[in-house]
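Working notes, structure below.
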Amino acid sequence: MPIRDLLGDPRVRAVGVVLGCLVCQLGLGFGYAISPLAPDILAEFGWTRALYASAQGPQTLLIAITSPLIGVLVARHGARAVLSAGAVTLAAGYGMIAGMQAWWHLALAWAVIGLGVAGLGDIAVGAVVARWISRWRGLALGIVYTGSNLGGAIATRAVAALADRFSWRFALAVLAASGIVVLLPAAWFAVPDRAGAEAAADAEAEPASGSERDLDVRAALRTRSFWIIAIGLLGFWAYLYALLQHFVLALVDTGMARDLATAYWSNAVFMGMFSKIAFGWIADRVPAKTGLLLDYGLLALSSLFLLGVSGGGAATLWSFVVLFGFSYAARDVVTPLIIVHCFGSRNLAQIYGVLMLTILPGSAGSIFAGWVHDQTGAYQLAFLTLAGVNAATFALLFAVRDERVARPT
């Protein structure tokens, strides 16, 4: 087969789209690399942990504000420009952290990173994959979303090693450069603006009546499932951001060496690669709601093991690493699938964008954990609170349903 015909084959093109989106997702993993650098940053600037954690607030603000806009831009103009702009912006943000001299510099840099994360995030790549692939959509999403875990696993170890050898500023400068060298070419050359009519030729098309019953954002906002999913995401963000900022610090507080604490964190991030593929495979074989409940159930269980991390042994710590790494990453897979299940695929990007507003209040989890440590000298009360939140959101998700069926005709 001629090369031109081969590249024009929708199946080959779909594989290229998956790989391009996977590389773009590497950039989302860069944020995991800041946690191992926290001891160095706090030592240099002398900030309290609550103040340090609060600097990330502008990032979540920008993600929350721009996510609905990202959904609209992708729907109207395609993903290539959005992802490319996200790569450049992300690189600029990490470059700003490398040169920061004050707290407000860090806050501003996190805001810029927030714009980059929104552009490179799950909304854009999820919409691209959903448009190009139907038959194995769950598995394709799982493969694509492993990019953030692969990027995080590499970045956490790399920046820690570079910081030990050179400095934390040099490590972040290298991280910024990789955004231009690695992410930008993938976004521009591998991701098409929009799928042609033949893109899903190998897929089983959804019934026409299904697309006619799909809910738009306004209709979704009037359903109970939208608000239940939103509450679930709110609890998830609170848990994730608390650990992003404080997990390595919590281990270092016990006397553990930074390199070892970083390795545990990196292993948790790396576990996400397997969970996303596994959940993608599972999602193609079980109802979306079953996958959602399995994911959030494991997440709640991980928070129980987190309570024993500071005083427990290696078995407790590894149990947390496996459960948390497996469950937090699978959220990327189950969220777009439950949105499609509840509201249909036509307005996935827009509905997902509105749901991402939950990241703003959810980011307060990191500030809360830092404040608890500043007041009590330990994280235990914060971790106990987060465990309760995880249990409550898990129970609430049992009430999610297909709103297209429940909607009056």
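Judged by the mean number of other Cβ atoms found within 10 Å, the most tightly packed of the peptides 317-324, 33-40, 287-294 leads the ranking 33-40, 317-324, 287-294.
Which residues make up the longest stretch of the chain clear of GluC sites (Glu not before Pro) that lie in a DSSP loop with no more than 14 other Cβ atoms within 10 Å, not counting the sites? It works out to 205-409. In terms of packing, defined here as the mean over residues of other Cβ atoms within 10 angstrom, the peptides 122-128, 67-73 line up highest first as 122-128, 67-73. Remark: segment 355-361, residue by residue, has Karplus-estimated 3J(HN,Hα) of 4, 5, 4, 5, 5, 5, x Hz, where x stands for each Gly or Pro and the curve is 6.51 cos²θ - 1.76 cosθ + 1.60 at θ = phi - 60°. Under the combined filter of DSSP loop state and at most 15 neighbouring Cβ atoms within 10 Å, segment 84-149 retains these trypsin sites (Lys or Arg not before Pro): Arg135.
Here the chain is assigned +1 on the Cβ of each Lys and Arg and -1 on the Cβ of each Asp and Glu. Its dipole about the Cα centre then comes out at about 520 debye. Quick one: grab the alpha carbon gyration tensor of segment 304-400, order the square roots of its eigenvalues as a ≥ b ≥ c, and give me rounded if a/c is under 1.5, else prolate or oblate depending on whether a/b is larger than b/c. Judged from the Cα gyration tensor, segment 304-400 comes out prolate (a/c at least 1.5, a/b above b/c). Apply the a/c threshold of 1.5 to the C-alpha gyration tensor of segment 258-301 and tell me whether it is rounded, prolate or oblate. Taking the square roots of the gyration eigenvalues as a ≥ b ≥ c, segment 258-301 is oblate.
Here the average projected area of the convex hull drawn through the C-alpha atoms of the chain stands at 19.1 nm².
Once a ≥ b ≥ c are taken as the square roots of the eigenvalues of the Cα gyration tensor of segment 220-349, is the result rounded (a/c under 1.5), prolate (a/b larger than b/c) or oblate (a/b not larger than b/c)? Here segment 220-349 falls in the prolate category. Taking the charge dipole of the chain about its Cα centre, with +1 at Lys and Arg Cβ atoms and -1 at Asp and Glu Cβ atoms, the residue from Leu323, Leu293, Val74 reaching farthest to the positive side is Val74. Ordering 216-223, 252-259 by mean Cβ neighbour count within 10 Å, with the highest value first, yields 216-223, 252-259. About its Cα centre, segment 312-409 has a charge dipole of approximately 340 debye under the convention of +1 per Lys or Arg Cβ and -1 per Asp or Glu Cβ, with nothing else charged.
Pairs of alpha-carbon atoms within less than 8 angstrom and 6+ residues apart define the contacts here; what relative contact order does segment 50-161 have, in percent? In percent, rounded to a whole number, it is 32.
Normalised Debye scattering of segment 10-60 at q = 0.30 Å⁻¹ gives log10 I(q)/I(0) of -1.11, counting only Cα atoms as equal scatterers and leaving out solvent.
Just so you know, all these numbers are worked out from the coordinates, no wet-lab data involved. Because the structure is a prediction, the values reported are computed rather than measured. Using ideal geometry, Cβ is built from the backbone for each residue, glycine included, and neighbour counts are taken over all protein chains shown.
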